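Engineer: The structure is given below, and queries will be raised subsequently.
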Amino acid sequence: MAGYGLVLAGGGGKGAYQLGAWKALKEMDVRFDAIVGTSIGSINGALIAADEYEKAVDMWKNVSINKGIKISSELPDPENLFSKKNWSTLFREFVKKGGIDASPLKDFISQYVDEEKVRSSMVEFGVIAVQLSQPGGKYELFLEDIPEGKLVDYLMASASVPFANNIGPEGEKYLDGGAYDNIPVMSLKKRGYNRLIIVDISNIKGVGHNPDILNSQITYIRPYDMDELKGTFDFDSATIERRIQLGYLDTKKAFSQLLGRIYYFMPRTFRSMVIKYGADTVLQLEELAYALDVDLMHIYTAESFILATKEAFIAYRKEKEAAEAKEVPIEETETKERELPAFITKIKEKQESKESEPSFLRTTLKKRFASKDPLEDYPDAVALLDNYII
């Protein structure tokens, strides 16, 4: 059977998710005839094309901001480049030198990307980068467009850090490929690839993105909630490990080796839950568990999932009752809203930060707590938890 075309989106440090996806795809013996990537997706794509999995693991274990940029003074927050704590330092650097020196990034990536292996792999490989130095400059660059010995330069061009200097091919200026097409499906469609795997790590699409996937066989891999991947420039080790694990689990789910809309279950487990409780109840239960911050990074049995959700729900009810006992009567003040339990405050902050369409929780939690219990929209799940004996 012919291999797949692999499309890797850009997203900075979120790219560790693609490493987890690759791990799962390797376990399933999925092979690729073509790969195209944007930004960090292009760097991951070069490693995948060369079949350098161990190098990719080592790269992600050792990645850090100070290996990607060189600045005159130490960053207050060295694990998140564009943290507010770093703004004044970065501004001074920009004024002093006209930008951030990103030359260390090329040195770091050069340790891991073997251009000869990429070119000899028989995988059709391309990157997306926005060429600024020439009118009508190219956006899509495949190996035949890239001069010998310059692959890493063009990977850097695709992954241009905002306000970065000393990055990309000498004498040319490029903008991060995500500005044009962060999910470059059509780059492979135009080359005749119709059986595609997309690994998406960002809500950004790009001004040139064309979502035309008519009559295509698409396997789309992305987190249930992009917020689970944290910030683009977060590079702390715990976050990277979490991203890798999420990518692995979501890829297994995309190929039906795990099931569940939000959480992860073995197929037989999930189907038995649907048969026993009904599809709508199981869906409500997953949404309720997610709202209550039940651990996502776990493959559950039916019993362990229901018990974990019930324990979180009991804790929520106790906090709610405690908060209600301390409430100030509404008529005593016109401005003070009733105190929200810590659980509800946490849910509210989480839901309001989302970039997707408004969900039930996000809209109802904008109302005062006294008006309605925000979990009333999950009656079947609540009934299941109330009747489930621990």
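The values are calculated or read from the model by the stated rules, or taken from the named source; none is laboratory data. The shown structure was predicted, so the numbers you read here are calculated from the model rather than taken from an experiment. Methodologically, a virtual Cβ is constructed for each residue, glycine included, from the backbone with ideal geometry; neighbour enumeration extends over all protein chains shown. Keep in mind that these areas ignore ligands, DNA and RNA; they rest on the heavy atoms of the full protein, side chains included. Shrake-Rupley method; radii C 1.70, N 1.55, O 1.52, S 1.80 Å.
Engineer: Taking residue 294, is it touching a Ser or Thr at 6+ places or on another chain (Cβ under 9 Å) and either among the acidic types (Asp, Glu) or without any contact (Cβ under 8 Å) to a residue 40 or more places away in the chain (or both)?
Structural biologist: yes
Engineer: Quick check on segment 239-260. Is at least one of its residues of a type in the set (D, E, K, R) and loosely packed, with under 15 Cβ neighbours inside 10 Å?
Structural biologist: no
Engineer: If residue 314 meets every condition in (1) assigned to a helix (DSSP H, G or I); (2) at pLDDT 95 or above; (3) aliphatic (A, V, I, L, M) apart from one, which number is that one?
Structural biologist: (2)
Engineer: Need the failing condition index for residue 273 against (1) buried (at least 16 other Cβ atoms within 10 Å of the Cβ); (2) under 18 Å from residue 15 (Cα atoms); (3) hydrophobic (A, V, I, L, M, F, W, C), just the number.
Structural biologist: (2)
Engineer: Counting only residues that are open to solvent by less than 80 Å² (accessible area, probe 1.4 Å) and at pLDDT below 75, how many does segment 126-170 have?
Structural biologist: Qualifying residue count, segment 126-170: 8.
Engineer: Which of the residues spanning segment 214-231 are open to solvent by less than 70 Å² (accessible area, probe 1.4 Å) and either charged (D, E, K, R) or touching a strand residue (DSSP E or B) at 6+ places or on another chain (Cβ under 9 Å) (or both)?
Structural biologist: 216, 218, 219, 221, 225, 227, 228, 231
Engineer: Further question on the same structure: Of all the residues that make up segment 190-202, how many are in contact with a helix residue (DSSP H, G or I) (Cβ under 6 Å, 6 or more places away or on another chain) and either farther than 19 Å from residue 128 by Cα or in a loop (DSSP other than H, G, I, E, B) (or both)?
Structural biologist: 1
Engineer: Another question, if that's okay. Would you check which residues across segment 264-290 are assigned to a helix (DSSP H, G or I) and either farther than 19 Å from residue 224 by Cα or in contact with a strand residue (DSSP E or B) (Cβ under 6 Å, 6 or more places away or on another chain) (or both) and list them?
Structural biologist: 267, 268, 269, 270, 271, 272, 273, 274, 275, 276, 277
Engineer: When you scan segment 291-298, do you find a residue that is buried (at least 21 other Cβ atoms within 10 Å of the Cβ) and not in a helix (DSSP H, G or I), even just one?
Structural biologist: yes
Engineer: Looking for whichever is outside any loop (DSSP other than H, G, I, E, B), among the aliphatic types (A, V, I, L, M), at pLDDT 85 or above and more than 18 Å from residue 184 (Cβ to Cβ) here; the options are 19, 6. Which one fits?
Structural biologist: 19
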